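Here, each number is a calculation from the coordinates, and none is a lab measurement. A quick note: this is a predicted structure, and the numbers were derived from the prediction, not measured. Methodologically, a virtual Cβ is constructed for each residue, glycine included, from the backbone with ideal geometry; neighbour enumeration extends over all protein chains shown.
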Amino acid sequence: MHVDIEGATRIDRLAAEFDWTWVVDDLEPFCSQAGWELVELREGGGSIRTDFPVSRPRANMYGRNRSMDTISIFVSDLADDATPMTVLRPLLDEGFTNLDVALTALLGTAPSAEPGPPAALRWDLPKVVVRLSMSPSAIHLRLTSPGYQAWMDEPEPEYEDKRSRSARSHPVPKSTLTAGIGKELRWDLPNVRLGRTVRQLGDHPPTTVTIHSYFSAPATVAAMQRAYFWFSRPAPGGSVGVTTR
């Protein structure tokens, strides 16, 4: 597995010095200075082709309206699904450690660190938040708007109702979540069926794997109505949808 330490360091240096305004107009000059190609700019994001010598030389920008929230970048090869974790994990650990050393030399010691797996390091700079993270299959670099990061760091409100308490009493183990992408998990309780489907959206880092949860009447009810809801946090001004069938 190749990890582009030199490329990641170069981009972090550029990001730290770039005059960010965090509107979409930043993207083209940033890509130009990085030697990258802006492939597509669309509502809610954009696609970028990087110059990193990795299996997926790609970055994605996510935002809303004309604001940019974050840019997510592959800085390592993306492992094949068939690669055993016993083989892959030492390679990821080594690559992440080497990146940690290089970025610490550039940006200083990360004030925020999350032990793995999945491991993550974070540097809050004046105009950009830099986050290095390791997923089960790749290493990602994320550049985020300080304003958006501050909003993400705000504590979420607590919603206490019978269903949410029941769902929390039947948590999904992390190992099950990682292995369960694209699968349905279900619990049949006396008065309700709880279920979760796990999905990974496009090339988002694994931190953005979403859990779609549902509750329904017991399976014995002939005309079963099922309500699907999801707990992904909406952007400011956004909303969370609910559908039934």
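When you count the other C-beta atoms within 10 angstrom of each residue and take the mean per peptide, 119-132, 23-36 line up highest first as 119-132, 23-36. The Cα atoms of the range 1-69 define a convex hull whose projected area, averaged across directions, is 4.6 nm². Near I139, the amide H atoms lying under 5 Å from its own belong to V75, S76; only residues 5 or more places off or on other chains count, and H is placed 1.01 Å from N.
Highest mean first, how do 37-49, 55-67 rank when packing is the count of other Cβ atoms within 10 Å averaged over residues?
55-67, 37-49
Each 5 Å bin, from zero up to the one with the longest distance, holds this percent of the alpha carbon pairs of the range 5-153: 2, 9, 19, 23, 20, 15, 8, 3, 0.
Look at where the Cα atoms of the range 1-45 and of the range 79-130 average out, and the two centres are 19 Å apart. Given +1 at the Cβ of Lys and Arg, -1 at the Cβ of Asp and Glu and no other charges, the dipole of the range 5-153 around its Cα centre is 140 debye to the nearest 20. Counting neighbouring beta carbons within 10 Å and listing from fewest to most, the residues T21, T70 come out as T21, T70. Between the residues N65, P53, S76, the greatest Cα displacement towards the positive end of the dipole of the range 24-96, with unit charges on the Cβ of Lys, Arg, Asp and Glu, is found for N65.
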